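The values are calculated or read from the model by the stated rules, or taken from the named source; none is laboratory data. All values reported here derive from a predicted model rather than from experimental measurement. Backbone-built Cβ (ideal geometry, glycine too); neighbour counts: all protein chains shown. The protein model used for the area step is the full one, side chains on, heavy atoms only, and it has no ligands, DNA or RNA in it. Shrake-Rupley method; radii C 1.70, N 1.55, O 1.52, S 1.80 Å.
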Amino acid sequence: MSEEKKELRHKKSMEKQKANVDHSIAEATEERGLVILLTGDGKGKSSSAFGMAIRSLGYNLKIGIIQFIKGVQLSGEEIFIRDKHPEVYFHQMGTGFTWDTQDRSSDIKAAEDSWTHAEKLLCDPSIYLVILDELTYMLSFKYLDEEKVLAAIRSRPHEQSVVITGRGGGSAIRELADTVSEIKDIKHAFHAKIKARKGIDY
Ligand code: ATP
Ligand code: MG
């Protein structure tokens, strides 16, 4: 095919693509807060949620973050929010919740306590974005009542968005969410015996 023909074909295909995108943009007329679920086995769920936190903070919008599992290692995002954005409502489930020493009754109590913080945010129309980091595990383990969680998210203020992260979590939360991304684990450096990196993994 001549270069001229290639150019023409490319131009036509781009025009068609642009028309499709413009049409979809024109069709999207509803404005409201979203529920976003970031799930799957691959790396990138919490860091994506914190990316949206930064986007919102860039517009001076109020955000709240509840972390349902506290890592052993202090993470960069915790340091950043605590030191540079003390105005952010930031709560961490403060137990030594770990995968191998789960004390069911104290974990349930801690999950319920953290949920009261989440509910407070989900009732507050001044909060533009609520991040419920690792919430799915609280549902999978049945530490929190699913219907209570769904009801609070459903009845949140109209303009408020909620980002939920974590693997699994059941089908009800997927159905409720407007956007669901499943991050697939293709490979992870850790399995090649490479140590977790500051600023990248925590
Ligand atoms: P991140 O916080 O980096 O976005 P995540 O929220 O998707 O990761 P989590 O299950 O919360 O994943 O685990 C957080 C930590 O575990 C990070 O240090 C991350 O690099 C690591 N991790 C995530 N996925 C995997 C995986 N598939 N294999 C090994 N380590 C992983
Ligand atoms: Mg995470």
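Number of residues in region 1-52 that are more than 30 Å from PRO157 (Cβ to Cβ) and assigned to a helix (DSSP H, G or I) equals 21. Scanning region 98-111 turns up at least one residue that is surrounded by 14 or more Cβ atoms within 10 Å (Cβ to Cβ), of a type in the set (Gly, Ala, Ser), farther than 23 Å from GLY40 by Cα and in the same structural domain as SER161 (by TED's automatic domain parsing).
The set of residues from region 31-52 being more than 16 Å from ligand 2 (Cβ to nearest atom) and under 20 Å from VAL88 (Cα atoms) comprises GLY33, LEU34, VAL35. Can you tell me which residues in region 53-78 are more than 11 Å from ligand 2 (Cβ to nearest atom) and in a loop (DSSP other than H, G, I, E, B)? The answer is TYR59, ASN60, LEU61, LYS62, LYS70, VAL72, GLN73, LEU74. When region 31-69 is filtered for residues that are β-branched (Val, Ile, Thr) and either open to solvent by 10 Å² or more (accessible area, probe 1.4 Å) or near ligand 1 (Cβ under 10 Å from one of its atoms) (or both), the ones remaining, listed by number, are ILE36, THR39, ILE54, ILE69.
When ARG156 is tested against the conditions (1) open to solvent by less than 40 Å² (accessible area, probe 1.4 Å); (2) over 19 Å from the mean Cα position of the chain (by Cα), the lone failure is (2). Apart from one condition, SER24 fits all of (1) touching a Phe, Trp or Tyr at 6+ places or on another chain (Cβ under 9 Å); (2) hydroxyl-bearing (Ser, Thr, Tyr); (3) loosely packed, with under 10 Cβ neighbours inside 10 Å; the exception is (1). Considering ILE173, ILE183, ILE153, ILE164, the condition of being near ligand 1 (Cβ under 9 Å from one of its atoms) and under 20 Å from ALA49 (Cα atoms) is satisfied by ILE183 alone. Among the residues of region 159-191, those identified as of a type in the set (Ser, Thr, Tyr), touching a residue at least 12 places away in the same chain (Cβ under 8 Å) and surrounded by fewer than 17 Cβ atoms within 10 Å (Cβ to Cβ) are THR179, SER181. Taking the conditions (1) touching a Pro at 6+ places or on another chain (Cβ under 8 Å); (2) open to solvent by less than 40 Å² (accessible area, probe 1.4 Å) in turn, PRO125 satisfies each one other than (2).
Taking the criterion of being farther than 30 Å from ALA28 by Cβ and in a loop (DSSP other than H, G, I, E, B), the residues of region 179-190 that qualify are ASP185, ILE186, LYS187, HIS188. For region 1-18, which residues satisfy the criterion of being small (Gly, Ala, Ser) and surrounded by 10 or more Cβ atoms within 10 Å (Cβ to Cβ)? The one that is small (Gly, Ala, Ser) and surrounded by 10 or more Cβ atoms within 10 Å (Cβ to Cβ): SER13. A Cβ distance below 8 Å, combined with a sequence gap of six or more or placement on separate chains, defines the contacts here; from region 28-39, residues that are in contact (Cβ under 8 Å) with a residue 40 or more places away in the chain reach residues that are surrounded by fewer than 18 Cβ atoms within 10 Å (Cβ to Cβ) and acidic (Asp, Glu) in the pairs ARG32/GLU159; GLY33/GLU159; LEU34/ASP178; VAL35/ASP178; ILE36/ASP178; THR39/GLU182. Taking region 70-88, which residues are surrounded by 17 or more Cβ atoms within 10 Å (Cβ to Cβ) and under 15 Å from GLY199 (Cα atoms)? If the condition is that a residue be surrounded by 17 or more Cβ atoms within 10 Å (Cβ to Cβ) and under 15 Å from GLY199 (Cα atoms), then SER75, GLU77, GLU78, ILE81 are the ones that fit.
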